[in-house]
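S.K.: There's a structure below that I have some questions on.
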Ligand code: P6P
């Protein structure tokens, strides 16, 4: 019997299709000597749900699943049919995957206890953010945070398990259903982006080791609310305009965040009269993106403190959000620190 060592192809006849998300997760798992594969499996479960939601968002106009569902969620926001579908898909994938004990979802008033005694992880998720854009074919996204449960496995889920500050996340990511569908995530060792190849049903590594430019020339804010901002935000945005910066606001957080992560920029959703604590939710929007932006070298604050250090006090609490390139975030909020600084005696 003849045995030869494998020789990688030298003919270049068959181009490499690249590193799949599955292989990357498995490869990176070796970075965690005590990893037992559960987090890897959880990330694969999320990717599976993302593939299904991607298919359904792409078919929305054809499958009569666009438009309003006819109910409002706990936020008092009108649910789109795809909000409900995405929530079902992610809840089902997470419960069947077996790694999760509890879920906090934008679409669920209460914490969902999966009664899974072996589940080590808690997932906070916005299944489909920006869904009001679905019917006009603008990019939308999924945002997720992953925490280790604090209480012993098999014991009842408690507030201690789900009301953890963002600095306790073990992983976080988003899916952008856009001109291409991407999954971007971190486990605390940098940020990597994967682009979905639908013909193969796989996410492939397309943006390794993503880094946010330290400074930028793009500001993203809903200028229709200018009269509701405080004077500090008004002054900062005025200064951006005086410096001829670019205003780019899609009205879809994941899309605005992703562009600013790649090109440099700042996204601001400040306190407004309608939303004095900001509009975006801490547990399943701000925390995940704050983890990602910090891992990519950027910053995220509520104007006075690091988003990741905020101790949650309620499940669906909102927070003002200044997130993006380090220099821009520092500049946008420095006036707050001056305003709140204790005057020298
Ligand atoms: P506004 C979508 O509803 C969302 O949560 C984010 O995706 C988006 O950035 C923001 O709200 C848009 O809010 O008040 O500018 O329409």
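Only the coordinates and a few stated rules stand behind these numbers; no lab work does. Since we're looking at a predicted model, the values are computed, not measured. With ideal geometry, Cβ positions are generated from the backbone for all residues, glycine too; neighbour counts draw on all protein chains shown.
S.K.: In the range 279-305, how many residues are within 17 Å of the chain's Cα centre (by Cα) and free of Cβ contacts under 8 Å to residues at least 60 places away in the same chain?
M.R.: Taking the range 279-305 first, the residues within 17 Å of the chain's Cα centre (by Cα) are 279-302.
Of the ones still in play, those that are also free of Cβ contacts under 8 Å to residues at least 60 places away in the same chain are 279-280, 294, 299-302.
Residues meeting the conditions: 7.
S.K.: A further question on this structure: State the number of residues belonging to the range 198-211 that are in contact (Cβ under 8 Å) with a residue 24 or more places away in the chain and touching a strand residue (DSSP E or B) at 6+ places or on another chain (Cβ under 7 Å). Give the derivation first.
M.R.: Within the range 198-211, the subset in contact (Cβ under 8 Å) with a residue 24 or more places away in the chain is 198, 200-207, 210-211.
Restricting the remaining residues to those that are touching a strand residue (DSSP E or B) at 6+ places or on another chain (Cβ under 7 Å) gives 202-207, 210.
Qualifying residue count, the range 198-211: 7.
S.K.: Give me the residue from the range 278-300 that is buried (at least 24 other Cβ atoms within 10 Å of the Cβ) and more than 16 Å from the ligand (Cβ to nearest atom) and, out of that set, nearest to residue 103 (Cα to Cα).
M.R.: In this case the residue turns out to be 291.
S.K.: Further, regarding this structure: For the range 207-225, give me each residue that is more than 16 Å from the ligand (Cβ to nearest atom) and surrounded by fewer than 18 Cβ atoms within 10 Å (Cβ to Cβ).
M.R.: Of the range 207-225, the ones more than 16 Å from the ligand (Cβ to nearest atom) are 207-217.
Scanning the range 207-225 gives 207, 208, 209, 211, 214, 215, 217.
S.K.: Does residue 235 meet the test of being closer than 24 Å to residue 104 by Cβ, in contact (Cβ under 8 Å) with a residue 60 or more places away in the chain and assigned to a helix (DSSP H, G or I)? Reasoning before the result, please.
M.R.: On the way: closer than 24 Å to residue 104 by Cβ: no; in contact (Cβ under 8 Å) with a residue 60 or more places away in the chain: yes; assigned to a helix (DSSP H, G or I): yes.
Taking the combined requirement at face value, the residue does not satisfy it.
S.K.: So, one more: Can you find a residue that is more than 16 Å from the ligand (Cβ to nearest atom) and without any contact (Cβ under 8 Å) to a residue 40 or more places away in the chain anywhere in the range 119-141?
M.R.: yes
S.K.: Could you please find all residues in the range 24-40 being loosely packed, with under 15 Cβ neighbours inside 10 Å and under 20 Å from residue 94 (Cα atoms)?
M.R.: Once the filter is applied, which keeps residues that are loosely packed, with under 15 Cβ neighbours inside 10 Å and under 20 Å from residue 94 (Cα atoms), the range 24-40 yields 26, 35, 36, 37.
S.K.: Please determine, by comparing only the residues of the range 238-275 that are under 25 Å from the mean Cα position of the chain (by Cα) and away from the ligand (no atom under 14 Å from the Cβ), which one is farthest from residue 206 (Cα to Cα). Break it down into steps so the answer makes sense when it comes.
M.R.: The first filter runs over the range 238-275 and keeps only residues under 25 Å from the mean Cα position of the chain (by Cα), leaving 246-272, 274-275.
From what is left, the residues that are away from the ligand (no atom under 14 Å from the Cβ) are 246, 261-264.
Working: 246: 26, 261: 15, 262: 13, 263: 16, 264: 19 Å.
So the residue we want is 246.
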